[in-house]
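Chemist: Here it is, the structure in full.
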Amino acid sequence: MTNELSRPRRSVLYVPASNDKALAKIAKLSCDAVIIDLEDAVAPADKVAAREKLAGIFANRSGGRLEMIVRINGLSSEWGNDDLLAAARCEPDGILLPKVDTPRDLLEAGDVLDDNFAPDSVRLWAMIETPKAMLNIGAIAELGRDPSSRLSCFVAGTNDLVKDTGVLATPDRRYLMPWLMTMVLAARAGGLDMLDGVSNDFRDLDAFARECAEGAAMGFDGKTLIHPAQVEAANRAFAPAAQAVAEARQMRDAFALPENSGKAVISLNGRMVERLHLAQAEKLLAKAAAIGA
Ligand code: COA
Ligand code: MG
């Protein structure tokens, strides 16, 4: 059993709760997590019916390692509160709150979960997609240091950020970059996982693979996806590379030698290696083991 921290979240697929064909695919998907969406993928006229489907979706849940998250409508919307209660009853791995602006938004959702006796295993995930969230991101991330807040993961909401800021969406995401890197930094400060935003052009898998590689290099733990065709590339890009795993093993073995036991720094293949590199290597090996499991 992997703990929450070493749980892989390489590929996290949105599945509209109103789309039966898409829902039927869940059991066969090789993504690490799905986000059952009640928010922007569901038309207002379908919101209530989509919410009523949640219990059935979770009743069919397989015992595998797939994480199942529910994205509810914003708590200030007419659907938000009932969505939160319905989601909590399903005991998902996480409830994803959209349009989070301040730490208070998460604290209020956490209070509702506590008041309704949702088990601690029901974590909160937060969409980072508003200008206010970007300005408050340090304070929001800080909640990650308090397990009772339930906060576990940030999700970049790039489509909303583009809409709300007016920046031009370009294939290289150049105007989003400062905010994406700030999200990664804040997530690390709070001990949270950080998922990259979606790639809307789901037919161009070459461009998608490039965006995954870029996201991995930027420090994201994984990517949110909109189409099953995107799963494989994300799984590949966000898994530790074989070469990196081999080097991490070599480093662990080198530090384990009796002559290196008290050393802070050693020489390995002509490079300086410190204990901080060992810690990084051990983290990578834990991630590789979790994925292999
Ligand atoms: N999850 C699970 N299955 C999905 C899926 C998803 N996100 N997207 C598509 N599929 C399924 C389709 O139902 C279809 O199934 P079928 O073979 O049984 O007919 C199959 O994959 C092929 O789909 P395709 O025809 O290529 O795409 P589409 O035109 O049906 O759907 C979208 C395209 C973009 C509308 C759809 O992928 C989608 O709704 N994605 C999620 C959108 C979302 O959640 N947005 C909010 C967050 S950004
Ligand atoms: Mg959004």
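The values are calculated or read from the model by the stated rules, or taken from the named source; none is laboratory data. Just so you know, these numbers come straight off a predicted model, no measurement behind them. Cβ coordinates were reconstructed from backbone atoms using ideal geometry, including for glycine residues, and neighbour counts include every protein chain displayed.
Chemist: Can you name the number of the only condition in (1) more than 16 Å from ligand 1 (Cβ to nearest atom); (2) out of contact with any helix residue (DSSP H, G or I) (no Cβ under 8 Å at 6 or more places or on another chain); (3) under 20 Å from Leu75 (Cα atoms); (4) assigned to a helix (DSSP H, G or I) that Asp160 fails?
Modeler: It is condition (1) that Asp160 fails.
Chemist: For the range 8-17, check the following and say yes or no: at least one residue is surrounded by 16 or more Cβ atoms within 10 Å (Cβ to Cβ), more than 17 Å from the chain's Cα centre (by Cα) and aliphatic (A, V, I, L, M).
Modeler: yes
Chemist: Note down all Cβ pairs under 8 Å where the first residue falls in the range 197-212 and is touching a residue at least 24 places away in the same chain (Cβ under 8 Å), the second is among the basic types (Lys, Arg) and not in a helix (DSSP H, G or I), and they're at least six residues apart or on different chains.
Modeler: Final answer for the pair search is Gly197/Lys223; Val198/Lys223; Ser199/Lys223; Glu211/Arg173; Glu211/Lys223; Cys212/Lys223.
Chemist: Going through Arg71, Arg61 one at a time, which residue ends up being free of Cβ contacts under 8 Å to residues at least 12 places away in the same chain, in the same structural domain as Ala49 (by TED's automatic domain parsing), within 16 Å of ligand 1 (Cβ to nearest atom) and basic (Lys, Arg)?
Modeler: None of the other options fit; the residue is Arg61.
Chemist: Taking the condition more than 13 Å from the chain's Cα centre (by Cα), of a type outside the set (S, T, N, Q) and on the phi < 0 side of the Ramachandran plot, does Asp160 pass? Lay out the reasoning, then the answer.
Modeler: Working: more than 13 Å from the chain's Cα centre (by Cα): yes; of a type outside the set (S, T, N, Q): yes; on the phi < 0 side of the Ramachandran plot: yes.
Against the criterion (more than 13 Å from the chain's Cα centre (by Cα), of a type outside the set (S, T, N, Q) and on the phi < 0 side of the Ramachandran plot), Asp160 qualifies.
Chemist: Here's something else I'd like to know. (1) assigned to a strand (DSSP E or B); (2) surrounded by 15 or more Cβ atoms within 10 Å (Cβ to Cβ): which one isn't true of Pro240, the others all being true?
Modeler: (1)
Chemist: Specify which of the listed residues (Pro119, Pro92) is farther than 25 Å from Ala189 by Cα, part of a loop (DSSP other than H, G, I, E, B) and in contact with a helix residue (DSSP H, G or I) (Cβ under 8 Å, 6 or more places away or on another chain).
Modeler: Pro92 is the lone residue from the list that is farther than 25 Å from Ala189 by Cα, part of a loop (DSSP other than H, G, I, E, B) and in contact with a helix residue (DSSP H, G or I) (Cβ under 8 Å, 6 or more places away or on another chain).
Chemist: Could you list, in sequence order, the residues of the range 96-129 that are under 14 Å from Leu84 (Cβ atoms) and within 16 Å of ligand 1 (Cβ to nearest atom)? Show your work before the answer.
Modeler: Of the range 96-129, the ones under 14 Å from Leu84 (Cβ atoms) are 96-100, 105-118, 122-126.
Listed by number, the residues that qualify are Leu96, Leu97, Pro98, Lys99, Val100, Trp125, Ala126.
Chemist: Would you be able to tell me the number of residues in the range 62-89 that are away from ligand 2 (no atom under 16 Å from the Cβ), in a loop (DSSP other than H, G, I, E, B) and within 19 Å of the chain's Cα centre (by Cα)?
Modeler: Kept after step one, since they are away from ligand 2 (no atom under 16 Å from the Cβ), are these residues of the range 62-89: 62-68, 78, 81-82, 84-89.
Now restrict to residues that are in a loop (DSSP other than H, G, I, E, B): 62-66, 78.
The next check asks that each one be within 19 Å of the chain's Cα centre (by Cα); those that pass are 64-66.
Count: 3.
Chemist: In addition: Any chance the range 3-12 includes a residue that's within 11 Å of ligand 1 (Cβ to nearest atom), within 27 Å of Asp193 (Cα to Cα), in the same structural domain as Leu97 (by TED's automatic domain parsing) and not acidic (Asp, Glu)?
Modeler: In the first step, residues of the range 3-12 are kept if they are within 11 Å of ligand 1 (Cβ to nearest atom); the result is 12.
If we keep only those that are within 27 Å of Asp193 (Cα to Cα) too, we end up with 12.
If we keep only those that are in the same structural domain as Leu97 (by TED's automatic domain parsing) as well, we get 12.
Next, only the ones that are not acidic (Asp, Glu) stay: 12.
Among the residues of the range 3-12, at least one is within 11 Å of ligand 1 (Cβ to nearest atom), within 27 Å of Asp193 (Cα to Cα), in the same structural domain as Leu97 (by TED's automatic domain parsing) and not acidic (Asp, Glu), which makes the answer yes.
Chemist: Tally the residues that are of a type outside the set (A, V, I, L, M) and surrounded by fewer than 11 Cβ atoms within 10 Å (Cβ to Cβ), restricting the search to the range 268-281.
Modeler: Step one: of the range 268-281, the residues of a type outside the set (A, V, I, L, M) are 269-271, 274-275, 277, 280.
Imposing the further condition that a residue be surrounded by fewer than 11 Cβ atoms within 10 Å (Cβ to Cβ) reduces the set to 269-271.
So the count comes out to 3.
Chemist: Can you tell me which of (1) touching a His at 6+ places or on another chain (Cβ under 9 Å); (2) not in a helix (DSSP H, G or I) is the one Met272 doesn't meet?
Modeler: (1)
Chemist: Can you tell me which of (1) closer than 23 Å to Val184 by Cα; (2) touching a residue at least 24 places away in the same chain (Cβ under 8 Å) is the one Asp146 doesn't meet?
Modeler: Of the numbered conditions (1) closer than 23 Å to Val184 by Cα; (2) touching a residue at least 24 places away in the same chain (Cβ under 8 Å), the odd one out for Asp146 is (2).
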